[in-house]
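Worksheet: the structure to be examined is printed underneath.
Every read-out reported here was derived from the displayed coordinates using simple, explicitly stated rules and does not represent laboratory data. Here the structure is a predicted model, which is why all the values come from computation and not from measurement. Here Cβ is always computed from backbone atoms with ideal geometry, including for glycine, and neighbour counts include all displayed protein chains.
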Amino acid sequence: MLFASDLDRTLIYSKRFVTEMAHQEELTTVEQGVYTSYTTKKAAALLRLIAEQVLFIPCTTRVIEQYQRIQFFQNTVIPKYAIVSNGGNLIIDGVVDKNYQQAMLRELTHNSLPAADLISEFRKIATPNWVEKTKDADNLFYYCLIDRAQTPKDELQHFSQWAVKQNWHVSVQGRKLYLVPQAVNKWSGVKKLLEQTENNKVFAAGDSLLDLPLLQGADYAYSPRHGELYQQYQHQQNDISWQFTAATGIVAAEEILNKLQGLLE
Ligand SMILES: [Mg+2]
């Protein structure tokens, strides 16, 4: 079994998402520095236990440097593999895998419209009243902070539909708008590791629209009862291939880990 999990708002939570926890002493800090993130002490203990039994693979949209800031995954639970940059990069034993990176860049060259062309089209609608500076993530995908209230919905929808035809995916999550080539997704990274390692089943977890390919590809999948996936799919629970947790907020991490531990017993 391979445990492929999103991190932020699935297993770990920034300060503004943990305010509902009345008992701060139940939390443990997993990242400290530029940002602070937490998980519950119970979730941390469960994850340690699980990582001894299955291949745990963090699958995050964080870029390489942002992933490496999470001390918990450097010192406490140390995954052999981590899929970062939303599937665009693979870290093996702490080192960015160059073969994976080159294969990904080759795939992008063949599959999607060049980034510069997509960005120049995006600039036509991205006026300063709703878009702050567009940033590139490890030269693989792009994101920008937006003002949702000022977003020109029709123009953005039109652009998104055009982008899909160029093999790019546009998604809005909270205050961030992502422009991601279709080849850059967490599931394609997991699929490559499934082939390379002797695993045949995948247990996945994630909360956002960028986790959708991962959840759909996995054999077992859970999504916390919060976030974009919950907002979008809460009324279609009979039609989707994954389940939502009963818990909302940071304790959803414990519930997901308990489900996986239950399967392993
Ligand atoms: Mg997330």
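With a Cα cut-off of under 21 Å and a minimum spacing of 8 residues unless on different chains, the lysine pairs in segment 113-181 number 10. Relative to the longest principal axis of the Cα atoms of the chain, the long axis of helix 98-111 lies at roughly 40 degrees.
Taking the fewest neighbouring Cβ atoms within 10 Å as the starting point, the ordered list for I146, I256, I250, I78 is I78, I146, I250, I256. Distance between the modelled labels on D147 and E25, one decimal in nanometres: 4.5 nm (7 Å Cα→Cβ projection). Put the Cα centre of segment 180-219 next to the Cα centre of segment 1-72 and the gap is 19 Å. Hey, what angle do you get for helix 153-165 against the long axis of the chain, alpha-carbon based, 0 to 90 degrees rounded to 10? On a 0 to 90 degree scale, this one is about 80.
When only Cα pairs below 8 angstrom with a gap of at least 6 residues are kept, segment 127-171 shows a relative contact order of 27 percent. The average projected area of segment 113-181, computed from the convex hull of its Cα atoms over all directions, is 4.0 nm².
The rule of thumb for compact globular proteins, 2.2 N^0.38 Å, goes into the C-alpha radius of gyration of segment 219-265 1.14 times. Both radii come from the Cα set of the chain: Rg as radius of gyration, Rh as Kirkwood radius; their ratio Rg/Rh reads 0.95.
Amide H to amide H distances under 5 Å link L2 with K201, V202, F203, where only residues 5 or more positions off or on other chains count and H is placed in the peptide plane.
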